[in-house]
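K.L.:
First the structure, which I've put down as structure tokens, then a few questions once you've had a look.
The values are calculated or read from the model by the stated rules, or taken from the named source; none is laboratory data. This structure is a prediction, so every number in the text was calculated from the model and none was measured. Glycine also receives a Cβ, built like all others from the backbone with ideal geometry; neighbour counts cover every protein chain displayed.
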């Protein structure tokens, strides 16, 4: 079985924001957040496979075997109700989980660091890729050298505020472009992390 690859998927405004202004527990994703996902979400909020090459990307994004997500991300969506497409969810955190996690057998909090959390997620993924969610978690995974790829959907909008994807990186990280899918709704760029 091939080794699993870890991939951050994130939709981002042209000015680098992954949330709109006023992001918080009462307003997950902030003001205008849905704009970042218009390329595959209909006006009623349902996921819709786009036509053409963006549809192929959509299909790829559905083939993950595990999720590694930051605590802030999972708590804002209540751990996806314990079921993110039926795959295990790993949450690196130095604090114990809240009580609701006991109801979610697919959710595992990992308290010994991002490297351990990623190793557990890759083992659980069974050769499929590990989907990474969360800006802070992505930055820590890059810093630790355990994030393999980034799939960024760059949306033609300027938010002017919110939460940036790469706000605090400890050092320069070199990437190589693996693929570009350009559509009127978004430019989807896949990068590999150079080691």
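K.L.:
Filter segment 162-182 for residues that are at pLDDT 95 or above and either touching a helix residue (DSSP H, G or I) at 6+ places or on another chain (Cβ under 8 Å) or within 26 Å of residue 23 (Cβ to Cβ) (or both) and give the result.
P.N.:
Once the filter is applied, which keeps residues that are at pLDDT 95 or above and either touching a helix residue (DSSP H, G or I) at 6+ places or on another chain (Cβ under 8 Å) or within 26 Å of residue 23 (Cβ to Cβ) (or both), segment 162-182 yields 175, 181.
K.L.:
Name the single residue, out of those in segment 124-150 being touching a residue at least 60 places away in the same chain (Cβ under 8 Å) and part of a helix (DSSP H, G or I), that is surrounded by the fewest Cβ atoms within 10 Å (Cβ to Cβ).
P.N.:
Among those that are touching a residue at least 60 places away in the same chain (Cβ under 8 Å) and part of a helix (DSSP H, G or I), it is 136.
K.L.:
Here's a follow-up. So residue 16 ticks every box in (1) buried (at least 18 other Cβ atoms within 10 Å of the Cβ); (2) in contact with a strand residue (DSSP E or B) (Cβ under 7 Å, 6 or more places away or on another chain); (3) at positive phi but one. Which box is left unticked?
P.N.:
Checking residue 16 against (1) buried (at least 18 other Cβ atoms within 10 Å of the Cβ); (2) in contact with a strand residue (DSSP E or B) (Cβ under 7 Å, 6 or more places away or on another chain); (3) at positive phi, the one that fails is (1).
K.L.:
Now for a separate question. Looking for whichever is touching a residue at least 24 places away in the same chain (Cβ under 8 Å) and more than 26 Å from residue 172 (Cα to Cα) here; the options are 82, 70, 86. Which one fits?
P.N.:
So the residue among 82, 70, 86 that is touching a residue at least 24 places away in the same chain (Cβ under 8 Å) and more than 26 Å from residue 172 (Cα to Cα) is 82.
K.L.:
If we keep just the residues of segment 57-77 that are exposed (fewer than 13 other Cβ atoms within 10 Å of the Cβ) and at pLDDT 85 or above, which is farthest from residue 114 (Cα to Cα)?
P.N.:
59
K.L.:
Another one. Where the second residue is in a helix (DSSP H, G or I) and the first is loosely packed, with under 15 Cβ neighbours inside 10 Å and lies in segment 33-53, which pairs have Cβ atoms under 6 Å and are six or more apart or on separate chains?
P.N.:
These pairs meet every condition: 49/55; 49/58.
K.L.:
Considering each of 157, 193 in turn, give the residue that is touching a helix residue (DSSP H, G or I) at 6+ places or on another chain (Cβ under 8 Å), under 23 Å from residue 37 (Cβ atoms) and crowded, with 16+ Cβ neighbours inside 10 Å.
P.N.:
157
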